[in-house]
1. Just by accessible area at a 1.4 angstrom probe, what is the order of Val167, Val157, Val152, Val128 from largest to smallest?
2. For Tyr136 paired with His36, estimate the spin-label separation in nm (one decimal), with each label point 7 Å from Cα along the Cα-to-Cβ line.
3. Just reorder Ile61, Ile74 by solvent-accessible area, largest first, 1.4 Å probe, all chains present.
4. Debye sum, Cα scatterers, the range 68-174, no solvent: what log₁₀ I/I(0) at q = 0.24 1/Å?
5. Output wanted: per-residue J couplings in Hz (rounded whole) for the range 74-81, from phi through Karplus 6.51 cos²θ - 1.76 cosθ + 1.60, θ = phi - 60°, x for Gly and Pro.
Amino acid sequence: SSNSSRERTCGRQRLHVALCLFARPHHEVEPMLAEHAIFVPAIAMTLLIAIVWVRLYQERIGELRSRRIHPQQIATSRAMAETMQNVKASDHFRNLFEVPVLFYVLCGFLAITKLTTPLLLACAWGFVLLRAYHAYIHLTHNKVIRRFQAYVASTTVLWVMWAIFAVRLLTTSS
């Protein structure tokens, strides 16, 4: 009886420690530093890439199975292009490693230099939303003019971000 009482007390103490560590009251949680906030849209962009990657995996495996294509038949990019019919997800996945790379670099530079502003943060979210819209178009109805418009809009936002960063960097004294 005293043994089970000690076990209950011990269990309550462990629960209390766990709650203190993982469920701290909101007022004890440190707010995000402004220079770190720029990483959140970059994380969202990475999540978008992960979603497209899952879609790519599902479509590619599905087509290989349904058409009974041996994986060795698509060992090169040329063989892949000649063999596979559903390539929207793979095309878009590749596309996410073109212009968005400049976005990631800029987010890192903004964090390092602590030059993030509310405008740059809003632009970063705009870029991510436009890229998500671009992905939606590419992976669904794939209307080229709409996809191109989303591409131009997102890339323009990125060039504006780079211009703002360059001006701030060159005009901010250390």
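1. Descending order: Val167, Val152, Val157, Val128.
2. For Tyr136 paired with His36, the spin-label model returns 3.1 nm.
3. Of Ile61, Ile74, the descending order of accessible area is Ile61, Ile74.
4. -1.23
5. These are the phi-based 3J(HN,Hα) values: 10, 5, 10, 5, 5, 4, 4, 5 Hz.
The values are calculated or read from the model by the stated rules, or taken from the named source; none is laboratory data. These numbers were taken from a predicted model, which means no experiment stands behind them. Here the Cβ is made from the backbone with ideal geometry for all residues, glycine too, and neighbour counts use every protein chain on show. Side chains are part of the model used for accessible areas, which takes the heavy atoms of the whole protein and leaves out ligands, DNA and RNA. Shrake-Rupley method; radii C 1.70, N 1.55, O 1.52, S 1.80 Å.
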